[in-house]
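Enquirer: Handing you a structure now.
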Amino acid sequence: MQAAQAKFAVKLLPSLTDFAFLMPLAFLFGRMNGLKTLLGDCDTGWHIRTGEWILANGRAPLHDIFSFSKPGDPWFAWEWLSDVLFAGLNAWGGLRIVALFSISLIVATFTGLYLLVRAKSNPVIAILVTMVAGAAASVHWLARPHLFTLLFLVIFSALLERFREGHDRIAGLPVLAVFPAVTVLWTNLHGGFFVGTMLIALYAGGEYLEVLILGRTGQRESARRLLKSAGACLVVSLINPYGYHLHAHMAEYLRDPWNSQHIAEFLSPNFHHPTAIFFEMMLVLGGCAAFSNLRRGRFTEPLIIFVWAHGALLATRNIPIFMILTAPIAGAAVHQWLTRLEQGAVADWVRAATARFNRAARETAETDAMPRLHLISLAASALVVLTIFAPNPPKKFRAEFDPDVYPAKALDSLKADTSARIFTNDEWGDYLIYRRYPKGRVFVDGRSDFYGDDFEEKYVDVLNVKYGWEQTLSRFGVDTILMPPSAPLTGALKESSKWRVVYDDVVALIFRAALPARGEQVSVTAGLGDGKTVITRPRRQQIAVPGPQSTNPNLRSE
């Protein structure tokens, strides 16, 4: 009787799987700004509006539907299926449901990552490595389609390891046949689908290197099958509304050197950022793990680490991919090192400490293997949902685009004027799409692949009041300018006789062309709009400066 009660009591206790599940929630609402972080980039807004257009028209758009600067130009809605999903969620429950769905993707990703690391090490190492990976990857926790790519990476990694261990089937299906099927879905959800194909190819490359260098001929067949699966994934990725044109467009965009100089997420990491220490830790662990695997004649792990460490050092947007793919390799290596260290030729106190850790880890693994009801995970999830849907939730739980960052009140003053041709930065352009479409159009927004280098250069020149900025505005018939108080353009407009302030608050100023007059000036702040308020420069477009680049937590990607 007592044994039965003890087993039932254990079921009520949290497991380390629960801690992995709760870790993203703790980071998001504890260390970060909750839904303000998740909705810290208004790309979410134009994804929702794109999905609404698709639902209304029954097809993916082939031409631009949002701008007055390039109306009708060819446009690739890379994530059209995600857009439809986001639009459906928004219609059902607004931004609250969109935010909750995005949280569920993040939680599923890192719970799955923990299980993947645990399969190669022990629960203690797995939870520590997963926390490091989550902390570094949190720079890209935004309610946007790229979250699908992070989840699919975990799924692909788990299936590839299963195949590598000799398990050819899962749920009765051939493992290698699952990859192309998932790739079709992935291709239409997010443009990062090629990462999955690359991962399969890296596994095949590692197997071929073992054949060529070490003469392990038994690996040749598995390498061939992996390569065929990667090829099948590439072929089925053509099943999208744009066919091979999508691939050509993406290749051109990713090769464009302008991106690495001006777009925040394409810049190299800023090692002064608070999360950089976790990225550095994984770089060190990954490098040591790669060397350890090379010594054992295993080439797949070093290939994965070297390729994606290089990618992460080139562009901040690749850090989450590097962290997710390296975590299982690093966890396995740490487990092996600690096992060997217990019997190694080291100081007695080191062997004793290692032995105590390993013993505690084994005991934890035995306890953690007992079935649980996961009540704490269920309770935490319910608490988050109830708080978000509360009548007056705390700031971190409010599903809105932060009115202290976005010009909500300023746009309220323009509500009646749907014909205004508004110039603003691309981040606020996204917000304009969310707030004013379909009646209003924008000059520019976050779709830098659509606007192209020449247009983006002119746009940045206007922001920085460079030669010809007035001619650019005139050429596109801009009659209204919406800017934060601290922007260089704001100061120039205040000094210009061609523009006058018609609205002024601590977040935004609205300028109208002086001729013809278009309304009376409104000042919400009674003189506070003097340029002294610190407003972040547009987060997507940045002018490169010497020295370390800023890694903004609200990164933007297609």
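The values are calculated or read from the model by the stated rules, or taken from the named source; none is laboratory data. Predicted, not measured: the structure shown is a model, and the values here were computed from it. Cβ coordinates were reconstructed from backbone atoms using ideal geometry, including for glycine residues, and neighbour counts include every protein chain displayed.
Enquirer: Within the stretch 231-256, can you find the residues that are over 24 Å from the mean Cα position of the chain (by Cα) and small (Gly, Ala, Ser)?
Expert: Across the stretch 231-256, the qualifying residues are Gly231, Ala232, Gly243.
Enquirer: Name, by its number, the condition in (1) surrounded by fewer than 20 Cβ atoms within 10 Å (Cβ to Cβ); (2) modelled with pLDDT under 95; (3) part of a helix (DSSP H, G or I) that does not hold for Arg317.
Expert: (1)
Enquirer: State whether one or more residues within the stretch 284-304 are among the hydroxyl-bearing types (Ser, Thr, Tyr), assigned by TED's automatic domain parsing to the domain that holds Tyr114, crowded, with 16+ Cβ neighbours inside 10 Å and without any contact (Cβ under 8 Å) to a residue 24 or more places away in the chain.
Expert: no
Enquirer: Another question, if that's okay. I'm checking my understanding of the structure. Among residues of the stretch 69-96 that are acidic (Asp, Glu) and out of contact with any Gly (no Cβ under 6 Å at 6 or more places or on another chain), which one is surrounded by the most Cβ atoms within 10 Å (Cβ to Cβ)?
Expert: Restricting to residues being acidic (Asp, Glu) and out of contact with any Gly (no Cβ under 6 Å at 6 or more places or on another chain), the top hit is Glu79.
Enquirer: Given the condition closer than 30 Å to Asp504 by Cβ and touching a Gly at 6+ places or on another chain (Cβ under 9 Å), answer yes or no: does some residue in the stretch 380-390 qualify?
Expert: no
Enquirer: When Ser268 is evaluated against the numbered criteria (1) closer than 19 Å to Tyr451 by Cα; (2) surrounded by fewer than 17 Cβ atoms within 10 Å (Cβ to Cβ), which criterion, by number, is the only one it fails?
Expert: (1)
Enquirer: State which residue pairs qualify: first residue touching a residue at least 60 places away in the same chain (Cβ under 8 Å) and inside the stretch 85-105, second residue surrounded by fewer than 18 Cβ atoms within 10 Å (Cβ to Cβ) and of a type in the set (D, E, K, R) in any location, beta carbons under 9 Å apart, and separation of 6 or more residues or different chains.
Expert: Leu95/Glu400
Enquirer: Would you check if there is a residue in the stretch 149-171 being buried (at least 22 other Cβ atoms within 10 Å of the Cβ), assigned by TED's automatic domain parsing to the domain that holds Arg340, of a type in the set (A, V, I, L, M, F, W, C) and in contact with a His (Cβ under 9 Å, 6 or more places away or on another chain)?
Expert: yes
Enquirer: Another one. For Pro241, indicate whether it is in the same structural domain as Trp75 (by TED's automatic domain parsing), free of Cβ contacts under 8 Å to residues at least 24 places away in the same chain, surrounded by fewer than 19 Cβ atoms within 10 Å (Cβ to Cβ) and of a type outside the set (Asp, Glu).
Expert: Answer is no for this residue.
Residue-by-condition table, conditions (1) assigned to a helix (DSSP H, G or I); (2) under 22 Å from Ala26 (Cα atoms); (3) touching a Ser or Thr at 6+ places or on another chain (Cβ under 9 Å):
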residue: Val84; (1), (2), (3): yes, no, yes
residue: Phe101; (1), (2), (3): yes, yes, no
residue: Leu113; (1), (2), (3): yes, yes, yes
residue: Val129; (1), (2), (3): yes, yes, yes
residue: Ala137; (1), (2), (3): yes, yes, yes
residue: Leu159; (1), (2), (3): yes, no, no
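Enquirer: Something else: What helices (runs of 4 or more DSSP H), lying completely within the stretch 436-507, carry at least 1 residues that are free of Cβ contacts under 8 Å to residues at least 24 places away in the same chain, crowded, with 17+ Cβ neighbours inside 10 Å and touching a Lys or Arg at 6+ places or on another chain (Cβ under 7 Å)?
Expert: 469-475
Enquirer: Could you list, ordered by first residue, the pairs with Cβ atoms under 8 Å in which the first is in the stretch 394-407 and within 19 Å of Arg31 (Cα to Cα) and the second is of a type in the set (Lys, Arg) and assigned to a helix (DSSP H, G or I), at least 6 apart or interchain?
Expert: Lys395/Lys36; Lys396/Lys36; Arg398/Lys36; Ala399/Arg96; Asp402/Lys36
Enquirer: Any chance the stretch 204-222 includes a residue that's exposed (fewer than 15 other Cβ atoms within 10 Å of the Cβ), acidic (Asp, Glu) and assigned by TED's automatic domain parsing to the domain that holds Met323?
Expert: Yes, there is a match, as at least one residue in the stretch 204-222 is exposed (fewer than 15 other Cβ atoms within 10 Å of the Cβ), acidic (Asp, Glu) and assigned by TED's automatic domain parsing to the domain that holds Met323.
Enquirer: Quick one: count up the residues across the stretch 305-346 that are in contact with a helix residue (DSSP H, G or I) (Cβ under 6 Å, 6 or more places away or on another chain) and free of Cβ contacts under 8 Å to residues at least 12 places away in the same chain.
Expert: 2
Enquirer: Something else: Are any of the residues in the stretch 342-350 on the phi < 0 side of the Ramachandran plot and in contact with a Leu (Cβ under 9 Å, 6 or more places away or on another chain)?
Expert: Yes, the conditions are met somewhere in the stretch 342-350.
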